[in-house]
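What follows is a single structure, and I will ask about it in a moment.
The values are calculated or read from the model by the stated rules, or taken from the named source; none is laboratory data. On a predicted model such as this, the values are computed, not experimentally measured, just so you know. Positions of Cβ are generated from backbone atoms using ideal geometry, with glycine treated the same way; all protein chains shown enter the neighbour counts. To get the accessible areas, we keep the full protein, side chains included, count just its heavy atoms, and leave off ligands, DNA and RNA. Shrake-Rupley method; radii C 1.70, N 1.55, O 1.52, S 1.80 Å.
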Amino acid sequence: MSLAPDVFAQRRAHFFEALGGAAAVIPAAPLVTHHADCEWPFRQNSDFWYLTGFDEPDAVALFLPHRPEGERFVLFVQPKEPSAEVWMGFRWGCEGAVERFGADLAHPREELAERLADYLRGAEGIAFRVGQHPQVEPHVLQAWAGQLDRASRSGSAALGLVAPCPLLHALRLRKSPEEISRMREAARISAEAHELARQVARPGLNERQVQGVIEQHFLEQGARGPAYGSIVAGGDNACVLHYTANNAVLNDGDLLLIDAGCSLNDYYNGDITRTFPINGRFSPEQRALYEVVLAAQESAVAVVAPGQTAEAVHDTAVRVLVEGLVDLGLLCGELDGIIEQGAYRHLYMHRTGHWLGLDVHDVGAYRLGEHHVGLEPGMVLTVEPGLYVSDRLPVPEGQPEIDERWKGIGIRIEDDVAVTEHGHENLTAAALKAPAALER
Ligand code: GLY
Ligand code: MN
Ligand code: MN
């Protein structure tokens, strides 16, 4: 079930409200070259997708609150053209943009340069994200410059170029019930894939074979594929946070860390990490560290509720991790002092989570000046503490050297958590994480 057209119409209505008298220019993504004349699979720009649901490259959407009704939502699209479609596939064209995607008016993309200035005339401001759309930016600047050149005679010009992001990303940060249900679907498929991966993992397999099982499940379930480069990291590879080589043999006695999630056809994403023993049995050191990470993760998830902040979720995880590390002798000193000095960062060097939505690291502010953004129902964030014991970072002065028996252990546990009216819903609870469930 994908989102109904009226969901996109409703989003546009909210966006128009936020824009006031400013016009907005929101470009689609272009195709991106992989190598030579081969392109990556197309990935739509999430802002453009959020407002249009239109999944073709090189389009541009105009939102024109200053124009009369029936001329306010304009799409520039690649026109229908059999000789192009025979190579690159179906296009909706201008008629489809109107009939299927609710545009008031639609034009061929190549007419943007000649028509843009007319459409923008009379807007109080122009909302356009500079620095990200090199194919469209010169046209926007030229249109505005033209208005300024003629302002003394025409009597009006847009007062400024403004960023659409604060308006649009505030909308994207708060997910509607329909969006949460799509995220449940992404979470379901992603969690199933993790369960399948654990069932097949055993010593002697290559990381890549496990990656294949995970990504096959994504595709079988109708997702586009992985939401980001799947991380399948045996043993010490798990201490490389963005490990994606996925090409080592799984060793008896090591842990396997898998960070993988699918992206649905409508771009909602899952993002799950699980870590488990490859041979089905934790060593005492692995189990001790695993229990610390699990306690930190569960404590941090428990914090997620309206009125809390992502900062509080992070602080909770750090406190439990540090307490556990002191108990195990991997850190020493007084708790608050260790936390204040960051004397744990050679073992835990990343934040505890991020917003999740159409982008895996989704849009939306975490803080506004000194104020940490309060969690509200509809926001979705990951909660993903970890511990990574290796020689890669120096041990801070005053902290104990690390005994060899701990090294090569990398653990992260990551769930996707939606804020609800009275607390939270763990969307990815179906991926098991209790130590007893991971052993065989
Ligand atoms: N998989 C990316 C992340 O966990 O942030
Ligand atoms: Mn994540
Ligand atoms: Mn992840």
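Can you report the principal axis dimensions of the chain using only the alpha carbons, biggest first, rounded to whole angstrom?
That works out to 77, 50, 42 Å along the principal axes.
7 Å from Cα along Cα→Cβ at both Gln199 and Leu241: what's the point-to-point distance in nm?
Each label point lies 7 Å from its Cα, and together they span 3.4 nm.
Please identify, among Pro177, Pro65, Pro134, the residue showing maximal mean-square fluctuation in a Gaussian network model of the chain using a 10 angstrom Cα cutoff.
So, out of Pro177, Pro65, Pro134, the one fluctuating most is Pro134.
Please list, or write none, the lysines whose alpha carbon is within less than 29 Å of the alpha carbon of Lys175, excluding same-chain residues fewer than 8 places away.
Once the sequence-local lysines are set aside, what remains near Lys175 is Lys433.
Tell me the angle of helix 5-19 to the major Cα principal axis of the chain, expressed in degrees between 0 and 90 and rounded to the nearest ten.
The angle comes out near 80 degrees.
While we're here: What number comes out for accessible area per residue over region 1-63 if the probe is 1.4 Å? Units Å², please.
Numbers: 2800 Å² over 63 residues.
Result: 44 Å² of accessible area for each residue.
State the percentage of accessible surface on region 24-73 attributable to carbon and sulfur atoms; use a 1.4 Å probe and exclude ligands, DNA and RNA. Walk me through the numbers on the way to the answer.
Working: 1110 of 2110 Å².
It is 53 percent, rounded to a whole number.
Another question, then. Report D for region 262-337 in µm² per second (integer): Stokes-Einstein, Kirkwood Rh on Cα pairs, 10 °C, 1.306 mPa s. Display every interim value, and only then the final one.
Values: Rh = 14.6 Å.
Here the translational diffusion coefficient equals 108 µm²/s.
A further question on this structure: Of all accessible surface on region 187-334 at a 1.4 Å probe, what whole percent is carbon and sulfur?
Numbers: 2570 of 5250 Å².
It is 49 percent, rounded to a whole number.
Also, I was wondering about something else. Go ahead and set up a Gaussian network model of the chain, Cα springs under 10 Å, then flag whichever of Arg129, Arg405, Arg174 fluctuates most.
So, out of Arg129, Arg405, Arg174, the one fluctuating most is Arg405.
How much length, in nm to one decimal, is gained on full extension between Ala9 and Ala145, taken as 0.36 nm per residue of separation minus their Cα-Cα distance? Write down the numbers at each step before the final one.
On the way: separation 136, 0.36 × 136 = 48.96 nm, distance 3.14 nm.
In short, 45.8 nm is gained.
Now a separate question. Counting only heavy atoms of protein chains, what accessible area per residue, in Å², does region 126-203 have with a probe of 1.4 Å?
On the way: 3920 Å² over 78 residues.
The answer is 50 Å² per residue.
Straight-line reach from Lys407: which aspartates and glutamates have Cα under 16 Å away, leaving out those fewer than 8 places along the same chain?
Asp236, Asp252, Asp254, Glu285, Asp391
For a quick protection proxy, order the peptides 297-308, 393-404 by their average other-Cβ count within 10 Å, most packed first. Don't jump to the answer; show the numbers that get you there.
Values: 297-308: 19.0, 393-404: 11.7.
Packing order, densest peptide first, comes out as 297-308, 393-404.
Under the Kirkwood approximation applied to all pairs of distinct alpha-carbon atoms, what is the hydrodynamic radius of region 217-309 in Å? Let's see the in-between values first.
On the way: mean 1/r = 0.0663 Å⁻¹.
The answer is 15.1 Å.
For Ala295 and Glu404, compute 0.36 nm times the residue count separating them, minus their Cα-Cα distance, and round to one decimal in nm.
On the way: separation 109, 0.36 × 109 = 39.24 nm, distance 2.40 nm.
Taking 0.36 nm per residue and subtracting the Cα distance, the gain is 36.8 nm.
Highest mean first, what order results for 260-268, 219-227 on Cβ atoms within 10 Å? The partial results should precede the final answer.
Numbers: 260-268: 22.8, 219-227: 16.4.
Highest to lowest by the protection proxy: 260-268, 219-227.
Using the heavy atoms of the protein chains and a 1.4 angstrom probe, tell me the accessible area per residue for region 356-440 in square angstrom. Mind showing how you got there, number by number?
On the way: 3850 Å² over 85 residues.
Ligands and nucleic acids excluded, the result is 45 Å² per residue.
Calculate how large, on average over all directions, the projected area of the Cα convex hull of region 157-298 is; give the answer in nm² to one decimal. Walk me through the intermediate numbers first.
Details: hull surface 46.2 nm².
Mean shadow area of the hull around the Cα atoms is 11.5 nm².
Per DSSP H run of n ≥ 4, the term is -39500 (n - 2.57); total these for the chain, divide by its residue number, and report the mean residue ellipticity at 222 nm rounded to 500 deg cm²/dmol. Intermediate results must be reported in sequence, preceding the final value.
Details: 13 runs with 159 residues, N = 440.
Here the helix-only value at 222 nm equals -11500 deg cm²/dmol.
Sticking with this one: Label region 106-148 by shape, choosing from rounded, prolate and oblate, from the square roots a ≥ b ≥ c of the eigenvalues of the Cα gyration tensor; if a/c is under 1.5 it is rounded, and otherwise prolate applies when a/b is larger than b/c, oblate when it is not. Mind showing how you got there, number by number?
On the way: a/c = 1.67, a/b = 1.06, b/c = 1.57.
Cα axes put region 106-148 in the oblate bin.
Further, regarding this structure: Just to be sure I understand the model, the point goes 7 Å from the Cα along the line to the Cβ. What's the resulting Glu178 to Glu137 distance in nm?
3.3
Right, here's the next one. Would you please give the FRET efficiency between Asp391 and Glu111, computed as 1/(1 + (r/R0)^6) with r the Cβ-Cβ distance and R0 = 51 Å, to the nearest 0.05? Show your work: numbers first, answer last.
On the way: r = 60 Å, r/R0 = 1.17.
The value I calculate is 0.30.
Continuing with this model, one more query. Compute the helix-to-body angle for 177-200: its Cα long axis versus the longest principal axis of the chain, expressed 0 to 90° and rounded to tens.
Result, in degrees: 40.
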